[in-house]
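The values are calculated or read from the model by the stated rules, or taken from the named source; none is laboratory data. None of these values were measured; they are calculated from a predicted model. Cβ atoms come from the backbone with ideal geometry, glycine included; neighbour counts cover every protein chain shown. Accessible surface areas use protein heavy atoms only, side chains included; no ligands, DNA or RNA. Shrake-Rupley method; radii C 1.70, N 1.55, O 1.52, S 1.80 Å.
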Amino acid sequence: MLQLSVYGPSSKLTEVGADLEDAGHARHVALAPGIRDGQGLLTAEVDRGSADSVLQFLSELGLPSEQVALSRLDDVGTLHSSAGVSSLIWADVLGQARQNARPVARYLVYMIAAGVIAAFGVIDDNQTLIVGAMAVSPDFLPIAAVCVGLVGLRWRLTGRALLTLILGLGATASTAALLTAVLNWTGDLPSDFHVGEGALMGLVTVNSATIGVALAAGVAGMLSLETRASAAVGVAISVTTIPAAAYLGAAAGLGELDKAWGALGVLAVNVVTLQVGGISTLLFQRRLTRPPPRPAPGQR
């Protein structure tokens with residue numbers, strides 16, 4: 001369930017609330033007076049399936065976006081039907097994509113931290129450390145933003161998200177490369193050490209498992225982002241990116257360029273396949289979710 005809040009002229013909000021309620025897009029509509037004369041606050045409950053139509057309707061009425069808010073409510077023991085619970089709210093995923101497309105400092109710090117942890121995991125052939133790095137990494141956020149940008153044909157958003165993704169994975173690989181080079185220079189690595197000779201050798205070759213895992217991770221990642229469960233499946237998603245990025249960096253730091261190129265190929269294939277999974281999920285949901293007709297102003 002979603003709660004709509006709109007602040008504006010009371011006379012206009014009275015008509016807006018009635019139109020929304022008559023069209024079946026909102027219920028429990030209420031109007032509270034504001035502090036200033038002639039101003040009020042409209043509140044209403046909105047089904048998920050009607051969210052985008054309602055927001056578009058309010059925008060067409062000329063209501064400023066900063067005076068309109070749509071928030072989530074957790075229902076406990078409600079008696080009304082739960083139909084539409086799984087509906088895609090395009091305004092929601094678009095808003096998240098805009099936030100996740102920016103290369104903020106906190107995102108880069110997380111990616112650098114993931115590079116440090118994963119580098120030691122690659123060097124020591126330690127699966128536990130690699131899993132820990134995957135848990136730290138927020139790399140799927142810009143990947144999902146790219147998917148939203150491509151599906152919505154928003155090229156500026158897509159470009160910003162791609163830049164953020166490249167900077168993040170580049171930070172992870174560069175950190176792993178620098179750390180490995182320093183350890184090699186200080187003599188903390190054996191003279192005959194070669195990166196990834198154990199269970200991680202699969203990170204330099206693309207096979208059916210590479211495609212299948214990344215495709216499934218893209219679908220799961222997009223669904224988790226919509227349901228605010230991305231943290232719960234973050235490790236499963238980053239299994240396709242962080243190990244390969246760290247392997248790429250460690251190999252480059254030791255000058256093993258053949259392995260570095262192989263890891264770069266695996267990383268590129270995984271990122272593209274993740275996006276295919278995410279885009280397919282969005283397109284499928286938008287095809288299934290037919291937006292209800294928007295209420296016409298003054299339709300009463």
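Just a few scattered comments:
- The residues of the range 164-192 that are open to solvent by 70 Å² or more (accessible area, probe 1.4 Å) and within 19 Å of the chain's Cα centre (by Cα), listed by number, are Ile166, Leu167.
- Subset of the range 43-60 [open to solvent by 30 Å² or more (accessible area, probe 1.4 Å), at pLDDT 80 or above and assigned to a helix (DSSP H, G or I)]: Leu55, Gln56, Ser59, Glu60
- Residue match in the range 147-163 (condition: buried (at least 24 other Cβ atoms within 10 Å of the Cβ), out of contact with any Cys (no Cβ under 8 Å at 6 or more places or on another chain) and of a type in the set (S, T, N, Q)): no
- Put simply, of Ala244, Ala229, Ala216 the only residue that is open to solvent by 30 Å² or more (accessible area, probe 1.4 Å), under 23 Å from Val136 (Cβ atoms) and at pLDDT 85 or above is Ala216.
- Screening Val195 against (1) open to solvent by less than 30 Å² (accessible area, probe 1.4 Å); (2) among the β-branched types (Val, Ile, Thr); (3) closer than 21 Å to Pro138 by Cα leaves a single unmet condition, (3).
- Residue among Gly40, Gly77, Gly84 that is modelled with pLDDT under 80, out of contact with any Cys (no Cβ under 9 Å at 6 or more places or on another chain) and open to solvent by less than 60 Å² (accessible area, probe 1.4 Å): Gly84
- Matching residues in the range 20-60 - criterion: being out of contact with any strand residue (DSSP E or B) (no Cβ under 9 Å at 6 or more places or on another chain) and within 25 Å of Leu94 (Cβ to Cβ): Ala23, Gly24, Gly49, Asp52, Ser53, Gln56, Phe57, Glu60
- Any hit, the range 4-23, residues being at pLDDT below 80 and among the aliphatic types (A, V, I, L, M): yes
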